[in-house]
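For reference, the structure is listed below as structure tokens.
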Amino acid sequence: MNIHIISVVPELLESPFSHSIMKRAAEKGLLQVTAHHLRKWAVNEYGMVDDYQFGGGAGMVMMCEPLVRAIEELNAEHGFDEVIYLTPDGEKFHQGLANTLSMKQSLLFICGHYKGIDQRVRDHFITREISIGDYVLSGGELAAAVVVDAVGRLIPGVLNDETSALFDSFQDNLLAPPVYTRPDEFRGWKVPPVLLSGDHKKIEEWRNEQALIRTQDKRPDLLKED
Ligand code: 6GU
């Protein structure tokens, strides 16, 4: 999968994809993430990409021209399946959407800043708008990092058996069960004996039961959906 990100602070996007699973995905050639500085498509030699909003009011708005030139140039080169705008008023991101996006070949993300982007760009170029939750970030970059991480790890071959997404929280609308590692007793606190029993059927039953208990306890809303 090819992911391109347009940003006025592309430096924010360097580290999230340079470690751990995202790094391995890149090394295996399964995921390539490229961040572009919007200033490359600025309207003048001062790097202008935003302006005051019509009608008055505090805060700058990201202009049509730099964004449209960036989108058209990159799209001609890469042919995006989706052009996604990250914004607090977008659709709330969830695992199902991560699954959907993980099946695409080529994605473009636009990170908003200040008061956001000119509505005409949203009307004519954006195919999907995503929010990562009901709170306001100072820009879309951290949201882009969240979405790209959640999507990238679902690309076939990125995870191995040990990290398989099949057992993630949310994959079946259930939270993941408790996990333990050595030692089997720490300060008198014992690991549930069933996990040491070697009985795989019993262990699976216990995990399913614990996932259900945990979901009822922490996120009963997940059990009411669909
Ligand atoms: Cl996608 N962007 C910004 N700026 N704030 C957010 C967000 C996105 N999602 C939640 N808050």
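All but one of (1) within 13 Å of the ligand (Cβ to nearest atom); (2) touching a helix residue (DSSP H, G or I) at 6+ places or on another chain (Cβ under 6 Å); (3) over 29 Å from Leu212 (Cα atoms) hold for Ile126; which doesn't?
It is condition (2) that Ile126 fails.
Look through region 5-38, keep the residues that are assigned to a helix (DSSP H, G or I) and of a type in the set (A, V, I, L, M, F, W, C), and return whichever of them is most open to solvent (accessible area, probe 1.4 Å). Working first, answer last.
Just the residues of region 5-38 that are assigned to a helix (DSSP H, G or I), to begin with: 10-13, 15-17, 20-27, 38.
Within this subset, residues satisfying the condition of being of a type in the set (A, V, I, L, M, F, W, C) are 12-13, 17, 21-22, 25-26, 38.
Details: Leu12: 83, Leu13: 10, Phe17: 28, Ile21: 39, Met22: 9, Ala25: 0, Ala26: 52, Leu38: 1 Å².
Top of the filtered list is Leu12.
What is the number of the single condition among (1) on the phi > 0 side of the Ramachandran plot; (2) modelled with pLDDT of 95 or more that Tyr114 does not meet?
(2)
List pairs: first in region 182-201 and of a type in the set (Ser, Thr, Tyr), second open to solvent by less than 100 Å² (accessible area, probe 1.4 Å), Cβ under 8 Å, 6+ apart or cross-chain?
Here the result reads Ser197/Ile203, each pair linking region 182-201 to a residue that is open to solvent by less than 100 Å² (accessible area, probe 1.4 Å).
With respect to Leu101, determine if the residue is open to solvent by less than 60 Å² (accessible area, probe 1.4 Å) and more than 15 Å from the ligand (Cβ to nearest atom). Explain how you work it out, then say what you get.
Working: open to solvent by less than 60 Å² (accessible area, probe 1.4 Å): yes; more than 15 Å from the ligand (Cβ to nearest atom): no.
Spelling it out, it is not the case that Leu101 is open to solvent by less than 60 Å² (accessible area, probe 1.4 Å) and more than 15 Å from the ligand (Cβ to nearest atom).
The values are calculated or read from the model by the stated rules, or taken from the named source; none is laboratory data. Just so we're clear, the structure is a prediction, and the values are computed from it rather than from any experiment. No Cβ is skipped: glycine too gets one built from the backbone with ideal geometry, and neighbour counts run over all protein chains shown. Side chains included, ligands, DNA and RNA excluded: accessible areas come from the protein's heavy atoms. Shrake-Rupley method; radii C 1.70, N 1.55, O 1.52, S 1.80 Å.
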